[in-house]
1. Taking every alpha carbon pair in the stretch 149-201, what does the distance histogram look like in 5 angstrom bins from 0, in percent?
2. Calculate the all-directions average of the projected area of the stretch 109-191's alpha-carbon convex hull, and give it in nm².
3. Just add up the charged neighbours of ASN366: K/R +1, D/E -1, any other residue whose Cβ is under 15 Å from the Cβ of ASN366.
4. Could you check the spin-label model distance between PHE69 and ARG52? Points 7 Å from the Cα along Cα→Cβ, value in nm.
5. Using Cβ counts within 10 Å as a stand-in for footprinting exposure, how do TYR448, TYR178 rank, fewest first?
6. Along the Cα→Cβ direction, 7 angstrom out, place labels at SER492 and CYS437. What is the inter-label distance in nm?
7. If I stretch the segment between GLN31 and GLU194 completely, what's the gain in nm (0.36 nm per residue apart, minus their alpha carbon distance), one decimal?
8. LEU152 label point, 7 Å along Cα→Cβ, cut-off 14 Å on backbone N: hits in the stretch 300-315?
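Derivation of every value follows stated rules applied to the coordinates shown; laboratory data play no part. None of these values were measured; they are calculated from a predicted model. Cβ atoms come from the backbone with ideal geometry, glycine included; neighbour counts cover every protein chain shown.
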Amino acid sequence: MKRALTSLPSDLSPRLLQGVPLSICLSGCGQHWSAPSQYTDDFYATRRFCRRTEYFDVFLSHDWGTSRFLKLCSLAVMFNVRAASILSISVGITVGLLRAFGIIPDEKWTEVFPLAAFYSLLFFWQHLRELFLRPLVVFLDRLCIAQHDDKLKEQGILGLAGFLDRSNILAVLWSPRYFKRAWCTYELGTFLREPGKEKSVRIMPVKLAPTLIAFCVCWQVIGFAADTASEYFNESGPKEWLLVGGTLLFVIFCGAPVYMYIGMGLIRDIEALPENLNNFKIQEAECFCCANNHRNPCTGDELTCDRRLIFRTLKKWYGTPDDDTEAHLEFFNDFVRCRLSRTIRQTVGGYTLPLKQYLYIALGANAPNLADYISRIGAGPCPSGQGCAEVLASDADRVVWACRGLIGWTSVSLQMLFGIWVSIATWKMGVRLMRYCSRACLALTLPYLIFPWVLAVAWLPIRVTFDLTSCDSLLPVIPFLGLLTITLCLFSAGASPKMIAPDIAVNEMLKSKSLKPAWEAQDVQNVAHATTQDTF
């Protein structure tokens, strides 16, 4: 006789503990993230990549209704951008040295190598990593839970708490649907039921990563067109200027509105999050089983009610055995609205990514210019003997000249960071103006507020200082340091354009005397429970 399951277990059999390398989750253009109705991959073909493990580096939490390409871009930015930036800079330095020594032609087309390195590693770094480092072992339900055996599959699904307890990091691929799904909220709530786990949660809005990648592409196209115009300023004809001007106009008038439209959608989704959290009720969360009347839509077999199992598990953690009320569910609702809401706000409330990750994006995207800088340093100032070569008589003057070139390259990355900040601020303003104007109209007009600010604040002071000073002057360092200070201040916690503002009601709830002792008591209970019941 089959034993009835009364709650979700947190202790798992060792044979259920299967993990997969992160590279598998990123393979096939994100094929493993397709919606269940679109997923056609052979399970046995992917099962061979699973491996026994005691702990997981990352638990991947998501909802299946979100586009697989959004999830693919989000994981690439979260886990690959650092390596992509470092390698692209290394390739840029190498290409510059080869150009300087005449091993390869000293031409602009060679900058394609660091550019290719950046985008290749952005999506394929985890595959390369496995050649010389231990792969990141992650939990993805579709691949890590047995699909060929119904009994093992049920044990794995109902034992998600055990997988979460053995995970070092919880990576949340957030979309507006996330907190409407019972399992998603259960996963995040389970991971945070022990004190001190907030720092191990990484939340990435799925629309942010592709928006940043699109910004990189537009920035590089504009930079390439500007460099081409500068290089052929004196000798270009109408055809060259038509090409450069057409490229700029295409990016500004076609790419920028699309970029603005997606960005405003991202901010609108995020700004709706506080209300969703404040009104959260686990009793109203969606479940696949309840939506299909507890019948498998393909086979007609009866499905176990996930909602009841989740409720019983929450009662074990937050209630008492003899309590017949829904106090444990309301306690979990308060948990989501307060402590969980606080964690979400701390992560999504600002830029959702640490400053260093934005810095990796900016440096990696501008690595091609580094090759050109190094080749010019190797060639020396004005090799024709005109202009700068007559001024730079001493080695000290040549060092100053080289530093000016380094300032010029680094300032481009700072200008890109400043452009990202202005973009987010403009998205927010666009969402405010959507009360009076359509989103499409704002997408067509607001981009032209970004370019003047970037030109006036980030580009023009440095450019004018370079043009008005001699080759042996370090005066360009003044506007450079000014731009650096402004950018760091804008990205600091106090001055950044918060994606969502602090909610006064939630802050008051957190400070209330009636709720705070309950949390402290529950944290003690959780620690005791984890020590006695959930030790593996």
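1. Percent of pairs per bin, in order: 4, 18, 27, 22, 18, 8, 3, 0.
2. For the Cα atoms of the stretch 109-191, the hull's average projected area reads 8.7 nm².
3. Numbers: positive: LYS108; negative: GLU111, ASP227, ASP372.
It works out to a net charge of -2.
4. Taking the simple label geometry, PHE69 and ARG52 are separated by 4.1 nm.
5. So the residues, fewest neighbours to most, are TYR448, TYR178.
6. The two pseudo-label positions are separated by 3.3 nm.
7. 55.3 nm
8. The answer is none, because no backbone nitrogen lies closer than 14 Å to the label point.
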